[in-house]
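Below: the structure, in structure tokens.
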Amino acid sequence: MSEEKDTTAPPTAADAASSTGEAAAADSSVDLAKQNEQTVEQQNAINATIKATQPKVGAKEEVDALLPEYEGNPKPGFRKGVQDLGKRYSALRRVRGDGNCFYRSFLFGYLERLLQGIKSVGDANTKAMLELSRLRQVVHDSKAALIALGYEEVALDDFWQTFLQELDALPNMEMGQLEINFREEAGPCEYIVWYCRMLTSGFLKLNADRFLPFLEHTVDMQDFCQREVEPMGKECEQIQIMGLCEHLNTPVKIEYLDGQDFSGQLGSITLPDTGAEAMVTLLYRPGHYDVLYPMTNQ
Amino acid sequence: MSLTSAKRLRKEMHKLQTSPPDEDIRMSADEDDIRQWRAYIRGPPDTPFAGGIYELKITVGQQYPMVPPCMRFVTKVFHPNVHFNTGEICLNILKKDWSPAWSLQGACRAILALLAHPEADSPLNCDAGNMVRAGDMRAFRSVARLYNEELASKDWPADF
């Protein structure tokens, strides 16, 4: 149990209200509790602003729409990078920056790509239907694997079922419906986003020997997953991306717009790097992920 | 989606009722309100809380399990991470590290682990925190044991 000062996740209003710290007057523990309470309140205020101004999943916009953000930025790599992306990507979709952006971007991008394929005819349709049934099988099998790792079935069940239901509904879904579902504040898609965290956790734990050397501050994968993967709102690093994409066997391509100068094309990476074509392309900017749409994907 | 928290709670209740009883935790929901729970936990052996039965009050919000339940001690307990008067508990998994992978019973187990492993950083009980931080575990244990003997029940409640 580490310290409680760094309050990054949004606890409930009930939590904030609960640390009343009455009675014991000039008690330093009460001061600390008050500080915690203030941090929680600040964080809640930030979260409320994000919630009010940023949809969970935005509308498609042109990549150039990013340019004004880098007006006068001392790092020329940003503007140059946006211009490069504009040549190769037809659109961008912003995703809410609430600590879940990788999982949400990836999942939305993936399901949207599948839905597009399903709405097509011929080979594209066959391929998408096969991919959907492959994904469904992976998700289906995951619950037993997680229970074997020690998770409680009651804790997983609703999330797992919701995921399967959403996948089963996909073939009959209208294109715009996915967007609507993902925007719902406490909707089923929140459940799926969290279940992706569990898919990540499960894979990292089963392959702890391989992934532990990448972790700097811990030698305990159980502890890492409990603190950094499973709670909603915890941002993700490359290890979580590898965990999720390898578990699903769904490669993701990430374009790195980090302000560094480059020659030719902006730097990018595909995970897992098996040579297979990426199903989803994301844009990484320091601390955030959004969805990108390649020109050929139109 | 608010129905989902009730659905989840019913599943948790069903599991508790159909599983072999936990030796250290007894819990149940209010008959009229599935969001109000009472739990009793047995102080872990080889700790100053051994031999005591502690009551916890659990309040579950509409958004559970996406947000944590509110849990507090009803029985007074002398511990760095529990507020002596309000019973508030300072435990990461009930705040920033909460995830839906925890159940109410799992959270009770985490509280048992907290009893066995007091954390001196950011204490809610300054006196207890200072003793632990100063390494004076003997003083901490003897005060905690005193309160345990005086304030905690020795037996499980009859109606549980």
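The values are calculated or read from the model by the stated rules, or taken from the named source; none is laboratory data. Everything numeric in this text was worked out from a predicted model, so none of it was measured. Cβ atoms come from the backbone with ideal geometry, glycine included; neighbour counts cover every protein chain shown. Protein only, heavy atoms only, side chains kept; ligands, DNA and RNA dropped before computing areas. Shrake-Rupley method; radii C 1.70, N 1.55, O 1.52, S 1.80 Å.
I need the calculated FRET efficiency for the pair residue B:14 and residue A:83, taking r as the beta carbon distance and R₀ as 60 Å, to the nearest 0.05. Present the calculation step by step, with values, prior to reporting the outcome.
Numbers: r = 58 Å, r/R0 = 0.97.
Once rounded, the FRET efficiency stands at 0.55.
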Would you mind classifying the stretch A:38-168 by shape? Square roots of the alpha carbon gyration tensor eigenvalues, ordered a ≥ b ≥ c; an a/c under 1.5 is rounded, otherwise it is prolate if a/b is larger than b/c and oblate if not.
oblate
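When Cβ neighbours within 10 Å are restricted to other protein chains, what is their mean count per residue of peptide A:224-237?
Mean partner-chain Cβ count within 10 Å for A:224-237: 3.
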Between 0 and 90°, nearest 10: helix B:104-116 axis offset from chain B longest Cα axis:
10 degrees
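Is the shape of the stretch A:54-297 rounded, prolate or oblate, going by the alpha carbon gyration tensor and its root eigenvalues a ≥ b ≥ c, with a/c under 1.5 for rounded and a/b larger than b/c for prolate?
Values: a/c = 1.71, a/b = 1.23, b/c = 1.40.
Cα axes put the stretch A:54-297 in the oblate bin.
What net charge do the residues around residue A:137 carry, taking every other residue with its C-beta under 14 Å from that of residue A:137, with Lys and Arg at +1 and Asp and Glu at -1?
Working: positive: A:134, A:136, A:143; negative: A:131, A:141, A:168.
Summing Lys/Arg as +1 and Asp/Glu as -1 gives 0.
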Can you count the Lys pairs in chain B whose Cα atoms are under 19 Å apart, with each pair 8 or more apart or on different chains?
5
Using only DSSP helix segments of four residues or longer, with each worth -39500 (n - 2.57), what per-residue ellipticity at 222 nm results for chain A after dividing by its residue count and rounding to 500?
-16500 deg cm²/dmol
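Work out the FRET efficiency for residue A:277 and residue A:175 from their Cβ-Cβ distance, taking R0 = 25 Å, and round it to the nearest 0.05. Before the final figure, lay out the partial values.
On the way: r = 22 Å, r/R0 = 0.88.
Using R0 = 25 Å, I get an efficiency of 0.70.
Going by accessible area, probe 1.4 Å, with all protein chains left in place, what is the ranking of B:97, A:64, B:46, largest first?
B:46, A:64, B:97
Tell me which GluC sites (Glu not before Pro) from the stretch B:1-90 have a DSSP coil assignment and no more than 14 other beta carbons within 10 Å of their own.
Hits after loop and neighbour filter: B:23, B:31.
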For a quick check, take a GNM of chain B with Cα springs below 10 Å and name the residue from B:47, B:75, B:18 with the largest mean-square fluctuation.
B:18
In the stretch A:56-121, which GluC sites (Glu not before Pro) fall in coil by DSSP and have 15 or fewer other Cβ atoms within 10 Å?
A:62, A:71
7 Å from Cα along Cα→Cβ at both residue A:90 and residue A:296: what's the point-to-point distance in nm?
1.4 nm
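Counting only helical runs of four or more DSSP H residues, what would the 222 nm mean residue ellipticity of chain B come to if each run contributes -39,500 (n - 2.57) and the total is spread over all its residues?
Using -39500 (n - 2.57) per qualifying helix, the result is -10500 deg cm²/dmol.
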On the accessible surface of the protein assembly as shown, probed at 1.4 Å, how many percent belong to carbon and sulfur atoms?
51 percent
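Using the heavy atoms of the protein chains and a 1.4 angstrom probe, tell me the accessible area per residue for chain A in square angstrom.
Working: 13490 Å² over 298 residues.
On a per-residue basis, 45 Å².
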So how exposed is residue B:133, as accessible area in Å² (1.4 Å probe, rounded to 10)?
130 Å²
Here the protein assembly as shown gives, from Cα atoms, an Rg and Dmax in Å of 24.4, 77
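Rounded, prolate or oblate: which fits the stretch A:234-298, taking a ≥ b ≥ c as square roots of the Cα gyration tensor eigenvalues, rounded meaning a/c under 1.5, else prolate when a/b beats b/c?
On the way: a/c = 1.66, a/b = 1.17, b/c = 1.42.
Oblate, since a/c reaches 1.5 and b/c is not below a/b.
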Averaged across B:115-122, how many Cβ atoms of other chains sit within 10 Å of each residue's Cβ atom?
3
Show me, for the stretch B:148-160, the HN-Hα J-couplings you get by feeding each phi into the Karplus relation (A = 6.51, B = -1.76, C = 1.60, θ = phi - 60°), rounded to Hz, glycine and proline as x.
4, 5, 7, 10, 8, 5, 9, 10, 5, x, 5, 8, 10
Nearest 100 Å² is fine: how much accessible area is buried between A and B, summed over both sides, with a 1.4 Å probe?
3600 Å²
Near residue A:127, which lysines are there with a Cα under 20 Å away, not counting those fewer than 8 places off in the same chain?
A:119, A:253
Please turn the phi angles of the stretch B:18-35 into ³J(HN,Hα) values with the Karplus equation 6.51 cos²θ - 1.76 cosθ + 1.60 (θ = phi - 60°), one per residue in order, whole Hz, x for glycine and proline.
9, 8, x, x, 7, 5, 10, 9, 10, 8, 7, 8, 4, 4, 9, 8, 5, 8
